[in-house]
1. Go through (1) touching a helix residue (DSSP H, G or I) at 6+ places or on another chain (Cβ under 7 Å); (2) free of Cβ contacts under 8 Å to residues at least 12 places away in the same chain and name the single condition Gly325 misses.
2. Working carefully through the options Ala145, Ala140, find the one that is aliphatic (A, V, I, L, M) and crowded, with 23+ Cβ neighbours inside 10 Å.
3. Which ranges mark the strands (runs of 3 or more DSSP E) fully within the range 179-275 that have 1 or more residues being at positive phi?
4. If you check Ala26 against the conditions, is it in a helix (DSSP H, G or I), touching a Phe, Trp or Tyr at 6+ places or on another chain (Cβ under 9 Å) and crowded, with 16+ Cβ neighbours inside 10 Å?
5. Which condition number does Ser9 fail, the rest of (1) within 16 Å of the ligand (Cβ to nearest atom); (2) of a type in the set (Gly, Ala, Ser); (3) without any contact (Cβ under 8 Å) to a residue 40 or more places away in the chain; (4) closer than 18 Å to Asp120 by Cα being met?
6. If I filter the range 282-304 for residues that are at negative phi, open to solvent by 20 Å² or more (accessible area, probe 1.4 Å), in contact with an Asp or Glu (Cβ under 8 Å, 6 or more places away or on another chain) and in a strand (DSSP E or B), do I get at least one hit?
7. Mind checking whether some residue in the range 121-136 is of a type outside the set (Lys, Arg), assigned to a loop (DSSP other than H, G, I, E, B), under 22 Å from the mean Cα position of the chain (by Cα) and within 23 Å of Tyr79 (Cβ to Cβ)?
8. If I ask for residues that are of a type in the set (D, E, K, R) and buried (at least 24 other Cβ atoms within 10 Å of the Cβ), which ones from the range 365-382 would you list?
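The values are calculated or read from the model by the stated rules, or taken from the named source; none is laboratory data. It should be emphasised that the depicted structure is a prediction, and the values quoted were computed from it without experimental measurement. Here the Cβ is made from the backbone with ideal geometry for all residues, glycine too, and neighbour counts use every protein chain on show. To get the accessible areas, we keep the full protein, side chains included, count just its heavy atoms, and leave off ligands, DNA and RNA. Shrake-Rupley method; radii C 1.70, N 1.55, O 1.52, S 1.80 Å.
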Amino acid sequence: MATRLIIVSNRVAIPDTRQHLAGGLAVAVKAALRDRVGVWFGWSGDISDQEATAPRRLKRGRVDYAVIDLSEADYQEYYNGFANRVLWPILHYRVDLQEYSRADQSGYMRVNSLFADQLDAIIEEDDVVWVHDYHLMPLARELRARGRVNPIGFFLHIPCAPPDILATMPNHEEILGSLVHYDLVGFQTDNDRDNFAHYLTSLGAKPVRSASFTLDGRTTRLGAFPVGIETAVYARLARNAVRSRFVREMVESLNGQKLMLGVDRLDYSKGIIHRLNAFDRFLEVNPEWRSRVTYLQVTPKSRGEIREYAQIENEVTTLISKINGRFGEAAWTPVRYVNRSYSRTALAGVYRAADVALVTPLRDGMNLVAKEFVAAQDPENPGALILSQFAGAAAELDGAVIVNPHEVEGVAAAIKQALEMPLIERRDRHGPMLARLRDHTVDQWSDSFLTALGETRQRPSLIEGLRAMFGASA
Ligand code: F6P
């Protein structure tokens, strides 16, 4: 039987549903499964207090989607609680926002154990298992406890903070230390990988081979695998989408003004408040730009039951009203704010039509908006990208105008620079970034991760299976 790839993540992009999953994970995993035989297992997104017996399954092509509901208690303790009130803020360097409770930690462990029980019935001997993101850190330990010896890899889509920050999490060894049960742990950047290597060392792990560490009798390899996009596909999509009625109507509504774009999930890590303050400052010190630029902020909401998310929503809407009230005219609204997620096609068209993208997170694992914006541009007349130095993408996209999002004046100056950037400079900056994205696609990301995972095991049957899966590149 062919080696199957079992993908496990909290959210699953279930086909035939009209929801557009926000975030890079869904895009990357979809692409990883495109040419493979596999299973994508995770949470259905639904809450039900009926005891989960078996996952609901849906087969599309060579991929089997298997999802389970969570109970209200699981949803509160595992998802809203431990994953998003403890791990998310800490991994994003926001110790101040951590709200730890033992009940949430046990809910997190309980859901990981539930996932392991369900997966145990799905996984076959030759399968390769690839677990995604912070919701599922202890999953490999749970699977090992059930006797699973398959190769199991983990990829962290979000940043990894330095050891002193990680250590502020109560019982951190139990959660973060459990990552050693994976054969390979992947990060977005060298910096994230090095932070975790230092953390493991602080727990007493010993380096064994290059990039591998041993702790409590388990050896794990660490690596940086910056996630990419389907560059050529996305560029084609954008070329076509810009002619769609949706984009044409939006462009017409601008009446010849420049379009500056922000696209972010509503999250405190995205720096939306800092960015709005910078736009406010920009309009204050550059009156000649008033009525000549519109800033469109597309911001789907998520995690609305968590206090910090409700707070950020209020702060953002209040600040936008202030800016619109302060600078707006009867015929000009400086900031347009949309709380919905658009389809991939519609967004690609908006990216293409935009003159400037503002991607200024306070901390971000990668940020695929930055990459998709670059891929969507017309190489003959590209828009300019303003990018935070704290996004993983900054390590690759050095043609962007790189900013520190904490410096309002600096971002305001970058907005002016980007809006006024001559065509020749825009082309000079864009060309090498696009070339980089063409060389480092999402396919290359998944191939290199899975090849590295295969290398962690020397079983010949496994290597053969991986070769069959990836062809010559394995
Ligand atoms: O990687 C970032 C991430 O947390 C993904 O795991 C997730 O799919 C996405 O952001 C959106 O977050 P949520 O699923 O909590 O709405």
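1. (1)
2. Ala140
3. Numbers: elements: 184-187, 212-215, 218-224, 258-263.
Because the criterion is at least 1 residues that are at positive phi, no strands (runs of 3 or more DSSP E) in the range 179-275 meet it.
4. No, not satisfied.
5. (3) is the only condition that Ser9 fails.
6. No, every residue in the range 282-304 fails to be at negative phi, open to solvent by 20 Å² or more (accessible area, probe 1.4 Å), in contact with an Asp or Glu (Cβ under 8 Å, 6 or more places away or on another chain) and in a strand (DSSP E or B).
7. yes
8. Lys371, Glu372
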